[in-house]
Amino acid sequence: MRHLIGIVLAIVMAGVLFFAGAWGYLKLTTGPLRVLPPASGGSLLSDHRVLLAMAAVAGTGLLAGILIAAPRISPLAAGLPGLVLVALTVLYLVSVHRAVQLIPLKSHPYGAGFEAMLAAGILGAAGLAMIVPMFVPSRWRSRPRAGEPDRRRAHRDRRSLDHQYHPFRTSSERKGDTVNSPSPGIVCSKTDKPA
């Protein structure tokens, strides 16, 4: 169930990146920032279009950061869009024309912004960051809920108890029924005396 929710979140992340992130990036690179860089002394806070574009880009980054960092979220949530972004960037490096043909809505600000981010290498870098959780083994396992026993820990404790005994001893010898010569390092109880 967790990974199914992760796939739904991956679709949401892809949509937010394509629509909000690409639109915001295009507005920031072609709007007032292009004409009036902040170093010239102008204030960007007075222009509501710039603030809206910054909020779109920041919101996209925040969502991606949460999907990457939150341990309870399936790694598919960030990993699937990340794999698509890395694949698209590799295709762009191999064949620019083919990669650009795959971008939908190029006549709209969303598609144009997505193409601009692809050309700038932003999508490749974001994709590489987004696939990192897929390589963390603990992200693929669910964590026990409050009040639920941790089955992995119980299994691990049971295995460590089994390894305290010599691996070639039978189960009746482990119980102390017929212990003739204990192996080195095994502590026998008072009832486990050699015959």
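FYI, it's all coordinate maths here, none of it is from the lab. Quick caveat: nothing in here was measured; it's all calculated off a predicted structure. A quick note on method: Cβ atoms are made from the backbone with ideal geometry, for glycine too, and the neighbour counts reach across all protein chains shown.
Some points to look at:
- Tail beyond 19 Å, pair distance distribution of region 2-140 (Cα, percent): 53
- The residues LYS106, LYS27, when put in order of fewest to most other Cβ atoms within 10 Å, stand as LYS106, LYS27.
- Footprinting exposure proxy for TRP23, TRP140 (fewest neighbouring C-beta atoms within 10 Å first): TRP140, TRP23
- Applying 1/(1 + (r/R0)^6) with r as the Cβ-Cβ distance of ARG72 and HIS97 and R0 = 45 angstrom yields a FRET efficiency of 0.60.
- Taking label positions 7 Å along the Cα-Cβ direction at both THR30 and MET1, the computed distance is 4.5 nm, reported to one decimal.
- The label-point distance for LEU62 and VAL8, in a model that sets each label 7 Å from Cα toward Cβ, rounds to 2.2 nm.
- For region 18-28, putting each phi into the Karplus relation 6.51 cos²θ - 1.76 cosθ + 1.60 with θ = phi - 60° gives couplings of 5, 7, 6, x, 5, 4, x, 5, 5, 5, 6 Hz, in residue order, rounded to whole numbers and with x for Gly and Pro.
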